[in-house]
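> Below is a structure I'd like to ask you about.
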Amino acid sequence: MTPGKVLQPVLKMKVDELFLCWFSQPATQLILKDCLRRIKNEEKTEIRNGDSGNSKNERFAATNSDSKQSVLGDVRLPLSFSPPQLSTTLPLSTSSSSRKVSNVKGTRRSSGTRVVQAKKEETLPPSLSQTIPTFYFPRGCPKEKVNIDAVIAKIERTFSQFPNERATLDDMGKVAKACECPLYWKGPLFYCAGGERTGYVSVHKFVAMWRKILQTCYDDAAKFVHLLMNPGCNYLVQEDFIPFLQDVVNSHPGLSFLKEASEFHSRYITTVIQRIFYTVNRSWSGKITCNELRKSNFLQNVALLEEEADINQLTEYFSYEHFYVIYCKFWELDTDHDLYIDRKDLARHNDHAISSRMIERIFSGAVTRGRKAQKDGKISYADFVWFLISEEDKKTPTSIEYWFRCMDLDGDGVLSMYELEYFYEEQCQKLDNMAIEPLPFEDCLCQMLDLVKPQYEGKITLHDLKRCKLTNVFFDTFFNIEKYLDHEQKDQFSMLRDGEGESQELSDWEKYAAEEYDILVAEEAASDQWNDGYEAELNPVDHQKANVLKYQMEKRPFFEMPSHLADVDLDEYDYEEDFE
């Protein structure tokens with residue numbers, strides 16, 4: 001590490017993780033227990049010098065002064081756990097920095113031995129437990145009954161069925177079942193074992209890879225992250241999902257019609273990736289951790305890919321109909337088809353329903369990512385996915401956070417009355433232009449405070465909005481004039497009843513996507529009567545019918561795809577931590 005360079009957050013997390021792992025080892029607990037016993041009995045303790053190869057005897061006797069200090073702070077314990085990953089994760093230090101560290105350590109040890117007197121009249125109570133049980137499981141809780149050798153033997157028998165005991169990507173479905181994994185883990189298993197370089201995976205290389213995963217990863221979330229992540233990481237970024245989703249596109253029966261339309265592969269993949277991060281990445285960090293994956297239902301949906309032949313039934317991530325709606329909405333706004341939209345383009349969404357002040361906030365960088373696009377005053381298709389889902393369903397945690405970030409002008413984590421009035425002013429102007437007398441802000445504010453019931457007077461927090469069951473009414477009041485008028489025509493009690501019964505029905509986003517898809521299908525069917533020269537096939541109206549929809553789009557990939565893995569050039573996330 002160069003002089004003056006601080007430890008990177010990722011490396012610091014790894015060091016902390018390794019320390020906790022070492023601290024929870026049974027051998028470490030025995031050493032600590034023995035040292036405490038020796039200190040209490042005023043015995044000499046031998047401590048091995050960890051920095052030099054020579055052994056030294058240092059005397060430690062227990063003592064107690066009036067100040068309540070822990071004696072353990074002066075005892076240097078030998079590391080019984082030496083993590084193998086440390087040498088490959090941490091960068092090499094320069095000679096100057098290493099010499100400085102060693103000199104400091106040498107100075108500390110030159111102080112000699114110290115003898116202190118224990119306070120005999122005070123005795124420590126007996127320990128309630130002999131050892132501290134392991135409580136930190138970043139890679140899942142170990143399962144004692146897993147027979148790794150039996151799993152490996154089953155894998156070897158599966159590989160024996162293939163020529164030269166080599167499995168291609170087409171063979172990996174059987175290997176995934178032998179590994180007791182869902183079918184569509186076959187792509188990640190193949191690529192993690194290095195199959196993309198040679199086109200096949202040998203039994204020896206695969207067994208070595210999978211044995212290591214079984215020994216270090218104890219649940220599905222940890223295994224999935226390990227299969228997809230880059231070396232040295234413990235999280236997933238957007239690009240990590242591309243090979244996995246490309247294999248889904250190539251092999252899922254519900255997407256067979258898309259196999260020949262390769263120009264739409266990257267567009268579908270981009271949409272699914274954004275939906276994954278929209279739902280799973282609750283920290284807004286752009287990095288999905290094992291813990292976030294465990295708390296989500298993404299892996300359950302991956303398992304359902306095998307059971308559900310109709311991809312449109314998996315509405316949370318993989319639905320092609322949802323992709324079709326999102327991309328068609330984007331294509332309508334992107335009039336120059338430069339694959340980006342600016343403020344004027346986004347303002348045309350839903351017939352100028354979104355206020356211009358909110359449009360400015362969306363382009364301010366509060367919820368968008370990608371410095372280059374933000375500098376040019378544009379947002380990408382990936383940003384539009386987040387916008388459209390948040391706009392049509394304002395009740396989900398991510399959408400509430402999305403609009404809260406936009407309305408929080410000063411970024412202090414609360415919505416003040418000034419910020420609410422700032423957005424409401426434009427709503428009043430629009431109502432005046434429509435010859436509708438607007439409700440005075442004071443009266444509107446009373447209604448909204450009664451609706452949200454904030455914990456602290458005069459300010460609304462993110463927690464307040466997440467407790468509210470009618471957050472869509474709150475947000476629409478301040479920046480969506482069309483939906484605001486729709487809410488005004490409804491009874492508040494009926495809206496509340498609808499909100500209470502929503503768990504048994506479709507979400508607002510699913511309702512919107514289904515309605516819009518039916519409209520697009522009808523429009524496309526009508527246009528086919530007049531136009532029959534379009535080539536780009538998108539989606540069948542019904543899997544039972546032979547006709548397919550055709551959509552007029554330029555035949556160029558949304559992102560460049562230099563390889564079969566659809567190397568999508570996704571914008572990087574650059575976010576601070578969540579408000580909460």
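The values are calculated or read from the model by the stated rules, or taken from the named source; none is laboratory data. No experiment lies behind these values; they were computed from the predicted model shown. Note that each Cβ is placed from the backbone with ideal geometry, even for glycine, and that neighbours are counted across all protein chains shown. Quick note on the areas: whole protein, heavy atoms, side chains included, nothing else; ligands and nucleic acids left out. Shrake-Rupley method; radii C 1.70, N 1.55, O 1.52, S 1.80 Å.
> Are any of the residues in the range 372-386 assigned by the TED database to the domain that holds residue 473, of a type outside the set (A, V, I, L, M, F, W, C), under 19 Å from residue 483 (Cβ atoms) and crowded, with 18+ Cβ neighbours inside 10 Å?
No, the range 372-386 contains no residue that is assigned by the TED database to the domain that holds residue 473, of a type outside the set (A, V, I, L, M, F, W, C), under 19 Å from residue 483 (Cβ atoms) and crowded, with 18+ Cβ neighbours inside 10 Å.
> Take the range 409-448 and flag every residue that is at positive phi and either open to solvent by 80 Å² or more (accessible area, probe 1.4 Å) or charged (D, E, K, R) (or both).
Once the filter is applied, which keeps residues that are at positive phi and either open to solvent by 80 Å² or more (accessible area, probe 1.4 Å) or charged (D, E, K, R) (or both), the range 409-448 yields only 435.
> Considering only residues that are touching an Asp or Glu at 6+ places or on another chain (Cβ under 9 Å), among the hydrophobic types (A, V, I, L, M, F, W, C) and surrounded by 22 or more Cβ atoms within 10 Å (Cβ to Cβ), which ones fall in the range 265-292?
273, 288, 290, listed by residue number.
> I'm told residue 217 meets every condition in (1) surrounded by 16 or more Cβ atoms within 10 Å (Cβ to Cβ); (2) out of contact with any Gly (no Cβ under 8 Å at 6 or more places or on another chain); (3) over 29 Å from residue 266 (Cβ atoms) except one. Can you identify the failing condition by its number?
Only one criterion in (1) surrounded by 16 or more Cβ atoms within 10 Å (Cβ to Cβ); (2) out of contact with any Gly (no Cβ under 8 Å at 6 or more places or on another chain); (3) over 29 Å from residue 266 (Cβ atoms) is unmet by residue 217, namely (2).
> Another question about this same structure. Taking the stated definitions as given, is residue 364 open to solvent by less than 10 Å² (accessible area, probe 1.4 Å), of a type outside the set (Lys, Arg) and modelled with pLDDT under 95?
no
> OK, next. Report yes if residue 357 is more than 14 Å from residue 480 (Cα to Cα), open to solvent by 10 Å² or more (accessible area, probe 1.4 Å), of a type outside the set (Asp, Glu) and assigned to a helix (DSSP H, G or I), otherwise no.
no
> Where the second residue is part of a helix (DSSP H, G or I) and open to solvent by less than 50 Å² (accessible area, probe 1.4 Å) and the first is under 13 Å from residue 206 (Cα atoms) and of a type in the set (Asp, Glu) and lies in the range 147-170, which pairs have Cβ atoms under 8 Å and are six or more apart or on separate chains?
Sorted first by the residue in the range 147-170, then by its partner, the pairs are 156/203; 156/207; 165/159; 165/203.
> Given 262, 296, 256, which one is among the small types (Gly, Ala, Ser), without any contact (Cβ under 8 Å) to a residue 24 or more places away in the chain and open to solvent by 50 Å² or more (accessible area, probe 1.4 Å)?
Going through 262, 296, 256 in turn, just one is among the small types (Gly, Ala, Ser), without any contact (Cβ under 8 Å) to a residue 24 or more places away in the chain and open to solvent by 50 Å² or more (accessible area, probe 1.4 Å): 256.
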